[in-house]
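Since the structure comes first, as structure tokens, the remarks are kept for the end.
The values are calculated or read from the model by the stated rules, or taken from the named source; none is laboratory data. All values derive from a computational prediction rather than experimental measurement. No Cβ is skipped: glycine too gets one built from the backbone with ideal geometry, and neighbour counts run over all protein chains shown. These accessible areas exclude ligands, DNA and RNA; they are computed on the full protein's heavy atoms, side chains included. Shrake-Rupley method; radii C 1.70, N 1.55, O 1.52, S 1.80 Å.
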Amino acid sequence: MTRRSLLAGAGGAAISPALATTYRSKMKDHVAVVGAGVFGAWTAHHLQQMGHRVTLVDAWGPAHSRASSGGESRLTRAAYGKDAIYTRMARDSLPQWKALSAISGLPILVQCGILFFFPTEEPYVKDSIAAHESLGLPTAVLSQAQMARRFPMIDFEGIKVGLHEPDFGALMARRAVLTLVDRFVRDGGTYIKGAALAPGATSARLDEL
């Protein structure tokens, strides 16, 4: 199981303690999540909401400068060509980002829209459009002239087609991770700053931490 599949499977429980109450009497496992980036923080949150006792571990701290999900901002989008699983995950994550943004005190999700543009109508464009249509995602397919009118600050020379996704936009990355970890700890989770070392470093098989 990958971290993406775990996150996708847990998608319904974010910021919804009432929904998780049903599971708490049955799910008492102690789970360690190693890495407090965006995937680790959300995974720890979901597992906690499902009733698990969770310890979140990171060697450098949540939202640190070494993290791939760190920095001031990242974007969220749904254009992934034929990889529609990521399109579904992006769509399903939007309510969770909105809910987190609503409780953070400062915006986390800024729905300013996302624009992708391409020199040709390549398969990636057509596959993205098909995935958006099948999932009911609002997406505008724009010509060069339409993009030039709507976004005059950009030079679209050599560009033929664009995709505009109005529901998506910027995520305040550092703020998001810090907010998630703060909520996780306040709700009873354990956060540890430290390295997770595998026992038996000479063995290629990992049976425990």
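Only Lys, Arg, Asp and Glu carry charge here, each on its Cβ (+1 for the first two, -1 for the last two); on that basis segment 38-133 has a dipole of about 260 debye about its Cα centre.
For segment 161-178, backbone phi angles converted through the Karplus equation (6.51, -1.76, 1.60; θ = phi - 60°) give residue-by-residue couplings of 9, x, 10, 10, 10, x, 7, 9, x, 8, 10, 7, 4, 4, 4, 4, 5, 4 Hz, Gly and Pro being listed as x. Projected onto its three principal axes, the C-alpha set of segment 49-202 covers 56, 44, 30 Å, listed from the longest axis down. Computed from phi, the 3J(HN,Hα) profile of segment 42-50 under the Karplus parametrisation 6.51, -1.76, 1.60 (θ = phi - 60°) reads 5, 5, 4, 4, 4, 4, 4, 5, 7 Hz, with x in place of Gly and Pro. Going by accessible surface with a 1.4 Å probe and the largest first, LYS82, LYS160 read LYS82, LYS160. Spacing of the modelled spin labels on SER143 and PHE118, each 7 Å from Cα toward Cβ, amounts to 1.8 nm. Which log10 I(q)/I(0) values does segment 52-112 give at q = 0.14, 0.22, 0.24, 0.29 Å⁻¹ under the Debye formula, counting every alpha carbon as one identical point scatterer? For segment 52-112, the Cα-only Debye profile gives -0.59, -1.11, -1.12, -1.12. Anisotropy class assigned to segment 93-168 is oblate, per the alpha carbon gyration tensor with a/c at or over the 1.5 cut-off and a/b no larger than b/c.
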